[in-house]
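Every number here is computed from the coordinates shown, using simple stated rules; none is lab data. Please read these numbers as outputs of a predicted model, since none were measured by experiment. Every residue, glycine as well, gets a Cβ built from its backbone with ideal geometry; the counts of neighbours run over all protein chains shown.
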Amino acid sequence: MKKIILAVLSIVIAVSLTGCIGQGGPQLPGISTEDAVDIKKVDVSKYKDDLSGLEDYLFALKYMPENLQPTEMMYSAIGAKAGDRYNFLVDNSTVYVELYEFDPANLNSQAKRIIGEVKETGSFKVLSAEDEIEFPADLSENGKYLVLYTDSSNNDANVKRKENFIKVVKDFHKDA
């Protein structure tokens, strides 16, 4: 049963990271690398310390387009208590973001393994039907949030935006 869950999870994550929107598919909402709001202008204390609060904070900072609807992920397969995926464009470059919330006081063995791997290597592995798939990820300072961020562009502005996005997630309620 555990292998089946891991195989399904690996397929879901692989599809989400490789891009399942083909030609002729729906147009993704987009933003510009220049749209972001200065982090000092948005009071993080106004946002609840949960996945919904993190997502609202990212919207307020204009790190994701307004009215963007998430796809709920199979978060329990990695031991998380919530998880969403977002697909959007940044300066016409396709971006995939997955955000997961963990309960650090109640981690199951799968969550402990994944969090441990991310802390140690900056990625985690998921068993697929044929082999292991490795996913680059970042963990927040408080150990509560996991982010996977993939951008099809490696231009300087997009790379900087990715770094800033990850820093926002890492620092979100880090003293909580």
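Table for the structure above
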quantity	calculated
Residue among D91, D131 that is on the phi > 0 side of the Ramachandran plot and acidic (D, E)	D91
N87 being surrounded by 16 or more Cβ atoms within 10 Å (Cβ to Cβ), in contact (Cβ under 8 Å) with a residue 24 or more places away in the chain, assigned to a loop (DSSP other than H, G, I, E, B) and not hydrophobic (A, V, I, L, M, F, W, C)	no
Condition check for L148: closer than 21 Å to P65 by Cβ and within 17 Å of the chain's Cα centre (by Cα)	yes
In segment 119-139, residue surrounded by the fewest Cβ atoms within 10 Å (Cβ to Cβ) [restricted to those that are touching a residue at least 60 places away in the same chain (Cβ under 8 Å) and part of a loop (DSSP other than H, G, I, E, B)]	A129
Residue in segment 48-73 that is surrounded by the most Cβ atoms within 10 Å (Cβ to Cβ), counting only those that are in a loop (DSSP other than H, G, I, E, B) and under 13 Å from the mean Cα position of the chain (by Cα)	Y63
Any chance Y145 is in contact with a Lys or Arg (Cβ under 7 Å, 6 or more places away or on another chain), among the hydroxyl-bearing types (S, T, Y) and touching a residue at least 40 places away in the same chain (Cβ under 8 Å)	no
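This table checks each residue for (1) surrounded by 14 or more Cβ atoms within 10 Å (Cβ to Cβ); (2) among the hydroxyl-bearing types (S, T, Y); (3) not in a strand (DSSP E or B).
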{"position": "E98", "(1), (2), (3)": "yes, no, no"}
{"position": "A105", "(1), (2), (3)": "no, no, yes"}
{"position": "I115", "(1), (2), (3)": "yes, no, yes"}
{"position": "E141", "(1), (2), (3)": "yes, no, yes"}
{"position": "K160", "(1), (2), (3)": "no, no, yes"}
